[in-house]
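The values are calculated or read from the model by the stated rules, or taken from the named source; none is laboratory data. Small disclaimer: the values here were computed from a predicted structure and weren't measured. Ideal geometry is used to build each Cβ from the backbone, glycine not excepted, and the neighbour counts take in all protein chains shown.
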Amino acid sequence: MSEAERPDRLAPGRAVTVEDIRALAGPATPHFALQIRNRVRRLIEPLPEGDPVRAEGERQIAILDELADHSGDPRGMGRGDEAPLHDEGQLHGEAQ
């Protein structure tokens with residue numbers, strides 16, 4: 001995934017649409033969320049505050065930031081749900 005934008009989206013005189021923003025952000029995965037976020041940010045940067053496309057872009061940026069937080073390899077089962085990783089008897093060399 002590249003941060004390069006499609007030339008037609010950046011063509012002079014072409015207005016960025018809500019559909020453009022959704023097309024970029026919709027198929028995002030955690031691994032590529034930050035690259036897509038940067039592309040969305042670049043598209044909405046020239047838009048004025050209050051523009052509905054800018055508002056959708058900002059909403060999608062927040063979602064992409066949250067998605068990026070989940071790009072690591074999760075470990076464990078969650079709070080309080082941890083199962084023992086070993087049998088105590090085996091840890092001390094005892095037979096079962």
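Quickly run through region 11-59 and pick out the residues that are free of Cβ contacts under 8 Å to residues at least 12 places away in the same chain, surrounded by 11 or more Cβ atoms within 10 Å (Cβ to Cβ) and among the aliphatic types (A, V, I, L, M).
A23, A55, listed by residue number.
All but one of (1) at pLDDT 55 or above; (2) more than 16 Å from P30 (Cα to Cα); (3) assigned to a loop (DSSP other than H, G, I, E, B); (4) not hydroxyl-bearing (S, T, Y) hold for E58, so report the exception by its number.
E58 satisfies all of (1) at pLDDT 55 or above; (2) more than 16 Å from P30 (Cα to Cα); (3) assigned to a loop (DSSP other than H, G, I, E, B); (4) not hydroxyl-bearing (S, T, Y) except (3).
Would you pick out the residues in region 18-59 that are of a type in the set (D, E) and over 24 Å from H70 (Cα atoms)?
Start the filter on region 18-59 by keeping residues that are of a type in the set (D, E), which leaves 19-20, 45, 49, 51, 56, 58.
Hits for region 18-59 are E19, D20, E45, E49, D51.
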